[in-house]
Amino acid sequence: MRVMVLVKATVDSEQGVMPSTELLEAMGHFNEERAAAGVMKAGEGLKPTSRGCRVVFDSTTREVRQGPFEPVGEQLAGFWIWEVRDLDQAIDWVRRCPNPMPGRSEIEIRPVYELEDFGDAVSPELAESERRLREQTGG
């Protein structure tokens, strides 16, 4: 089962406050441990929403909105993609994670849809196309 682990933004992360050397080292060790266990597939920190934008779709129109975005606690400061046995294993890993922010922070775990979740809507051709795409992207 793949999960996306979402590190929620804080006022500090949205202001661009960089993590301490100690936190970077602790997070590096945590990432190395998960990579060695075959769990970690990807993971990155994200710059503040003031450095990004959103594209809003409405039928055929596209509107670009520049950050920053509110509320702060609903934004993302980073993410991981993990391959785990089940949600409980993902929870166990997150419980071992160093606190990613100074003070209070929050991490959300969301299962990723797999092709089989879509049932009969997936034709054999679509399944093959998806398999080739995953091979190309390492996913």
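At-a-glance table
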read-out	value
Residue within segment 91-112 that is touching a Cys at 6+ places or on another chain (Cβ under 9 Å) and not aromatic (Phe, Trp, Tyr) present	yes
Hits in segment 42-60 - residues which are closer than 26 Å to residue 88 by Cα and either exposed (fewer than 15 other Cβ atoms within 10 Å of the Cβ) or modelled with pLDDT under 95 (or both)	42, 44
Residues that are free of Cβ contacts under 8 Å to residues at least 60 places away in the same chain and surrounded by 15 or more Cβ atoms within 10 Å (Cβ to Cβ), drawn from segment 1-18	none
Test: residue 23 is over 17 Å from the mean Cα position of the chain (by Cα), closer than 14 Å to residue 105 by Cβ and surrounded by 12 or more Cβ atoms within 10 Å (Cβ to Cβ)	yes
Total residues in segment 113-139, condition among the hydroxyl-bearing types (Ser, Thr, Tyr), over 23 Å from the mean Cα position of the chain (by Cα) and in a loop (DSSP other than H, G, I, E, B)	1
Residue list for segment 97-139, restricted to those being under 30 Å from residue 18 (Cβ atoms) and of a type in the set (Lys, Arg)	104, 110
Answer from 116, 130 - the residue that is surrounded by 13 or more Cβ atoms within 10 Å (Cβ to Cβ), at pLDDT below 95 and over 16 Å from residue 42 (Cβ atoms)	130
Strands (runs of 3 or more DSSP E) (entirely within segment 1-112) containing at least 3 residues that are under 29 Å from residue 139 (Cα atoms)	2-8, 40-45, 53-58, 76-83, 107-111
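The values are calculated or read from the model by the stated rules, or taken from the named source; none is laboratory data. The structure displayed is predicted, hence computed values, not measured ones. Reconstructed Cβ throughout: ideal geometry from the backbone, glycine too, with neighbour counts over all protein chains shown.
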